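The values are calculated or read from the model by the stated rules, or taken from the named source; none is laboratory data. Keep in mind that this is a model prediction, so the values were computed, not measured. Backbone-built Cβ (ideal geometry, glycine too); neighbour counts: all protein chains shown.
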Amino acid sequence: MPEEDSTEAPRGRLFRHWGRAARLTALLIALALVVGTGLYFWWQSEPSEDDLKTEAMLTGKSQLLVGVLGDIPGIGYRDPATGVYSGFDIDIAYLVAEDLGFRPNQVRFLTIENEDRGRMLVNDGQGPPLAADLVVASYSITDERIQKQHVHFSAPYLETEQSVMTLKGHAPVSDLSDLAGKPVCTLTTATSSSPAGQAGVLVKGNKTKISDCLPGLLSGEYDAVTTDAAILAGFVHARPDLYEHHDIGLVASEMYGINTGDNDALRQLVNLALYRSRNDPKDTRWEAAYDRNLSPEQPDSGRQPVAINKQPKVDEVRIRQWPWERLAGVMHAPLTADRRRRRGVSSGR
Amino acid sequence: MLLLVQNVGPLDLISSLVITLMWVPPVFILPGQALGLLFLASTRETGPESWLSRTADRTPDWVIAVTVMWAATSWQLRFVPVLVMVTLMIVGLSARLRNPDRPQLIKAVCVGLPLGVAVLEYLWFTPAIKAAFANGEVALALILLLPPLLAPLLTGPIPARVARVATHAPAAGAALLGPFLLVAIFLRAPILPPVALQLNADPGVLPKVVLGSVVTVDDTMTTLLDSDGAVRFVPNGQVATKVLCPGEEQIPNSAVMAHEWSVEQSALEWLLPSRGPQKETDPRCEGRPEEP
């Protein structure tokens, strides 16, 4: 018996030793797991939509100030008689404001100059310039603009391309090189000035507003005007007897984004509004804005598409949500009293 | 401060404390018991007793049983595997300590039982684990996946030399840091109801909305604590309308569900009837006046 014990004991002891060591490892893993995940759950927390609204300092704001262009029919146009703004940018601003909790009469539009779109300064005609909360002004998203301090773009809300407008009866322009050596008007701050310059066009770009190019075009000082198709289509549609729109077939596309400045929480909320508009099949506000403002311009523009008639893709914004708000991977906006009323009306249409 | 003490009753503060911290005592009792028993099992032959092992030894079984049931109802669903792991640890170590001469029983309770329970747990939680991995929520997936695997290993002794450190260090750490954690949790608890008051305005002027937590209302004035922590007195005559704003609801971080129960809910929350969170946001709660 003792011999059996002494030959069996070492193996049994070894087994027990490794068993205990394994248990120690398991204990350490369990402690690390519990403490680690406990701390992780405590600290990691995606903001909820209300958290973002508080962070964006929207609580207590009585009005949303939006900088828009005022001289482009169909995109952002201020009626001189009534002072009322209309256009695609205006409708997109209303779309975003509604999701932020502002009713249409709580949104104030002011005209912004093209060079102030980065600084987000608007002027109401009395007193010093005001800082806009959002800038929805055909502001194309480019790397150069993103590098600028204080410029932060939301996801794109419209995709268009550069095109050319001439007087009616001008020879067809199929490429910018067809205008080589001729004077062409564009904006100093525009993304259209460098492709034009590269094509050998005489770029006359000392205008602050694109509508300032029109008198020169009509007088013959300029041969053509070049900028985004969505903008030119508006002018052509307003006076189809005077102007003609040409498709120059540039590959690069212009993506319009909303400038939210340094307010990152606001940028996420804007992206959330655009994401819902894109992915919720019941949300047709973008399509309605396009049909109201840009679709009617297409016949006058001929072969040049005014813009892509589908909302550009928007990346998902990660926020905490109630499970029922996450139906089928689409995030529904919580209904405010107005949206309920509006949905009720539109379903009868 | 005086205003709060005068107007917020001690019963309100205590009930707020109880409701927020209800899940906390089992967090200290159960792991403490488990670590104490582990120390006893590892150093039964060799070592002296310590404060932890004495406490573990003297705690009656019914206290542990009640604490386990308390934890089962008040802990979130995602922590139930951890609870089961700690309970199995306690049960297995107790069996080992009380029945040293019945190896079959020890094997059954310390290995067989955890394995059986692990199978049941995986049957219940596997869809949730898969969903958590799919969503990229690794921490959640691990805390559902690992405890059933670790439970069979934790029901036996560890090397005697390290037993003291391995069991007393976490227990002492929890005892030292615990009070700070409790204070941190309690300070986040809401006590006063948040309201929005819309004030009277002249026609043509946009009405103002005041947001804050009501401290007291008397016949002339409403006293509010606004979001900056300042006290505001609003005469009742100036108030046009008021509305109770639902406080920051506990919106879950994770969308993972186990059989239609959110992993971030506790059993108590399913059992008690509660009004669902408001689906409509009143514009006054965001600081903007209501349209007439």
> What number of residues within the stretch A:18-44 satisfy the criterion of being surrounded by 12 or more Cβ atoms within 10 Å (Cβ to Cβ) and either in contact (Cβ under 8 Å) with a residue 60 or more places away in the chain or under 43 Å from the mean Cα position of the chain (by Cα) (or both)?
Replying inline: 8
>> So, in the stretch B:12-35, exactly how many residues are of a type in the set (A, V, I, L, M) and within 20 Å of residue B:88 (Cα to Cα)?
In response: 6
>> Residues that are aromatic (Phe, Trp, Tyr), under 31 Å from the mean Cα position of the chain (by Cα) and farther than 29 Å from residue B:14 by Cβ: does the stretch B:129-138 have at least one?
In response: yes
>> Every residue in the stretch A:228-253 that is part of a strand (DSSP E or B) and in contact with a helix residue (DSSP H, G or I) (Cβ under 8 Å, 6 or more places away or on another chain), please.
In response: A:243, A:244, A:245
> If we scan the stretch B:99-107, do we find a residue that is within 14 Å of chain A (Cβ to nearest Cβ) and in contact with a Lys or Arg (Cβ under 6 Å, 6 or more places away or on another chain)?
Replying inline: yes
>> I'd like the residue in the stretch B:114-148 that is more than 14 Å from chain A (Cβ to nearest Cβ) and in contact (Cβ under 8 Å) with a residue 40 or more places away in the chain and, out of all such residues, is farthest from residue B:89 (Cα to Cα).
In response: B:127
> What are the residues in the stretch B:191-229 that are in a loop (DSSP other than H, G, I, E, B) and more than 14 Å from chain A (Cβ to nearest Cβ), if any?
Replying inline: B:191, B:192, B:193, B:200, B:202, B:203, B:218, B:219, B:220, B:229
> List the pairs whose first member sits in the stretch A:204-224 and is assigned by TED's automatic domain parsing to the domain that holds residue A:76 and under 24 Å from residue A:139 (Cα atoms), whose second member is in a loop (DSSP other than H, G, I, E, B) and of a type in the set (Lys, Arg), and whose Cβ atoms are under 8 Å apart, counting only residues at least 6 apart or on separate chains?
Replying inline: none
> residue A:15 passes all but one of (1) free of Cβ contacts under 8 Å to residues at least 60 places away in the same chain; (2) closer than 30 Å to residue B:82 by Cβ; (3) within 11 Å of chain B (Cβ to nearest Cβ); which number fails?
Replying inline: (3)
> Quick one: would you say residue B:121 is acidic (Asp, Glu) and touching a Ser or Thr at 6+ places or on another chain (Cβ under 7 Å)?
Replying inline: no
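Conditions (1) in the same structural domain as residue A:129 (by TED's automatic domain parsing); (2) closer than 26 Å to residue A:321 by Cα, marked per residue:
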site: A:10; (1), (2): no, no
site: A:38; (1), (2): no, yes
site: A:61; (1), (2): yes, yes
site: A:84; (1), (2): yes, no
site: A:93; (1), (2): yes, yes
site: A:96; (1), (2): yes, yes
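Let's see how each residue does on (1) in a helix (DSSP H, G or I); (2) modelled with pLDDT under 85:
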site: B:14; (1), (2): yes, yes
site: B:20; (1), (2): yes, yes
site: B:23; (1), (2): no, no
site: B:46; (1), (2): no, yes
> Which is surrounded by fewer than 16 Cβ atoms within 10 Å (Cβ to Cβ), in contact with a strand residue (DSSP E or B) (Cβ under 6 Å, 6 or more places away or on another chain) and at pLDDT below 85, of B:193, B:203, B:207?
Replying inline: B:193
> Just checking, how many residues over the stretch B:67-79 are surrounded by fewer than 22 Cβ atoms within 10 Å (Cβ to Cβ) and part of a helix (DSSP H, G or I)?
Replying inline: 7
> Within the group A:28, A:52, which residue is modelled with pLDDT of 85 or more, part of a helix (DSSP H, G or I) and more than 10 Å from chain B (Cβ to nearest Cβ)?
Replying inline: A:52
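Residue-by-condition table, conditions (1) in contact with a helix residue (DSSP H, G or I) (Cβ under 8 Å, 6 or more places away or on another chain); (2) without any contact (Cβ under 8 Å) to a residue 24 or more places away in the chain:
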{"position": "A:89", "(1), (2)": "no, no"}
{"position": "A:112", "(1), (2)": "no, no"}
{"position": "A:127", "(1), (2)": "no, yes"}
{"position": "A:130", "(1), (2)": "no, no"}
{"position": "A:133", "(1), (2)": "yes, no"}
{"position": "A:140", "(1), (2)": "no, no"}
{"position": "A:143", "(1), (2)": "no, yes"}
{"position": "A:154", "(1), (2)": "yes, no"}
{"position": "A:160", "(1), (2)": "yes, no"}
> Condition test on residue A:47, is it of a type outside the set (S, T, N, Q), surrounded by fewer than 19 Cβ atoms within 10 Å (Cβ to Cβ) and away from chain B (no Cβ under 14 Å)?
Replying inline: no
> How about the stretch A:210-241: which of its residues are surrounded by 24 or more Cβ atoms within 10 Å (Cβ to Cβ) and farther than 17 Å from residue A:170 by Cβ?
Replying inline: A:210, A:228, A:230, A:231, A:234
> residue A:74: part of a loop (DSSP other than H, G, I, E, B) and either outside the structural domain of residue A:293 (by TED's automatic domain parsing) or buried (at least 16 other Cβ atoms within 10 Å of the Cβ) (or both), yes or no?
Replying inline: yes
>> Taking the conditions exactly as written (exposed (fewer than 12 other Cβ atoms within 10 Å of the Cβ) and more than 30 Å from residue A:27 (Cβ to Cβ)), does residue B:180 satisfy them or not?
In response: no
